[in-house]
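Visitor: Quick one: the structure is below, and I'll ask about it shortly.
The values are calculated or read from the model by the stated rules, or taken from the named source; none is laboratory data. Predicted model, so just to flag it, every value in this text is computed and none were measured. Don't worry about glycine lacking a Cβ; one is built from the backbone with ideal geometry, like all the others, and counts go over all protein chains shown. Accessible surface areas use protein heavy atoms only, side chains included; no ligands, DNA or RNA. Shrake-Rupley method; radii C 1.70, N 1.55, O 1.52, S 1.80 Å.
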Amino acid sequence: MTKAKSKSGKSTVKATAAKSSVRKSSIAPATATPPLIVLGFDEQQKPRGAKFVDAKRDLVTKAADVMGLKVYEASPPEVAEFAKKLPLGRLYANGRGFVPNIRQSLYSDLVVALGLEPQAALSKNGGKDPLPPARGLPRSWDEVAAGHLVIAQESLEYGWWEAIVLERKGDTFTLQYRDYPHLPKFVRDGSGVALMRPPTDDAKPAAEPQPA
């Protein structure tokens, strides 16, 4: 009787352990796919952004392209941290998507983090929106036009970065950061754009030393 009880007890323990193991393995998370981030500006010049979790990359990229936005993978740790603050985006059956407006401060945080992670960009710059021909530095505010190099303020915290003018409408500028072409184009009014000082025409070369 004693041996029978012992065997029965051991079998019960083994069965419980096996069930526990199956239960744990069934809920153990698989390797998570990093969420996708969609960023850019809308027609009203407002920043938009969203994260897409467990969404097909090609469908998200197609929807973002229709909206004129860019797609990134939130795999770098710092980018992933900011991505947690983004609202969830939605994909529709007609191929379009929903990407809501977000705070400029959050947009800037993501842009700065993504600036150092060009490999995170899934939307590639192609021939659809090529940069205008380079025109160097404008000599006056009225002269600023597409192709000119200026500096644009990303935010009070992150300062001013070199940018290429893509388009100008009055005192509103569409720009692209010169050193970070994988980032979305963006919009600034005149208060967020400044000129870089061009060389003066009357600058004279330094006089060569005369022989003794």
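Visitor: Return yes or no: is residue 95 of a type outside the set (S, T, N, Q) and within 19 Å of residue 180 (Cβ to Cβ)? Step through it out loud before you land on a result.
Guide: Values: of a type outside the set (S, T, N, Q): yes; within 19 Å of residue 180 (Cβ to Cβ): no.
For residue 95, the condition - of a type outside the set (S, T, N, Q) and within 19 Å of residue 180 (Cβ to Cβ) - is not met.
Quick grid of which residues meet (1) touching a residue at least 60 places away in the same chain (Cβ under 8 Å); (2) over 17 Å from residue 184 (Cα atoms); (3) open to solvent by less than 50 Å² (accessible area, probe 1.4 Å):
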residue: 110; (1), (2), (3): yes, no, yes
residue: 131; (1), (2), (3): no, no, no
residue: 135; (1), (2), (3): no, yes, no
residue: 139; (1), (2), (3): no, yes, no
residue: 151; (1), (2), (3): no, no, yes
residue: 156; (1), (2), (3): no, yes, no
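Visitor: Quick test of your reading of the structure: residue 118 fulfils all but one of (1) open to solvent by 40 Å² or more (accessible area, probe 1.4 Å); (2) at pLDDT 95 or above. Name the failing condition by number.
Guide: That leaves (2) as the condition not met.
Visitor: Right, here's the next one. Looking for something over 30 Å from residue 196 (Cα atoms) and aromatic (Phe, Trp, Tyr) - is there at least one such residue anywhere in segment 87-107? Steps first, please.
Guide: At the first step, the residues of segment 87-107 found to be over 30 Å from residue 196 (Cα atoms) are 87-102.
Add one more test, that the residue is aromatic (Phe, Trp, Tyr), and what stays is 92, 98.
Yes - at least one qualifying residue is present in segment 87-107.
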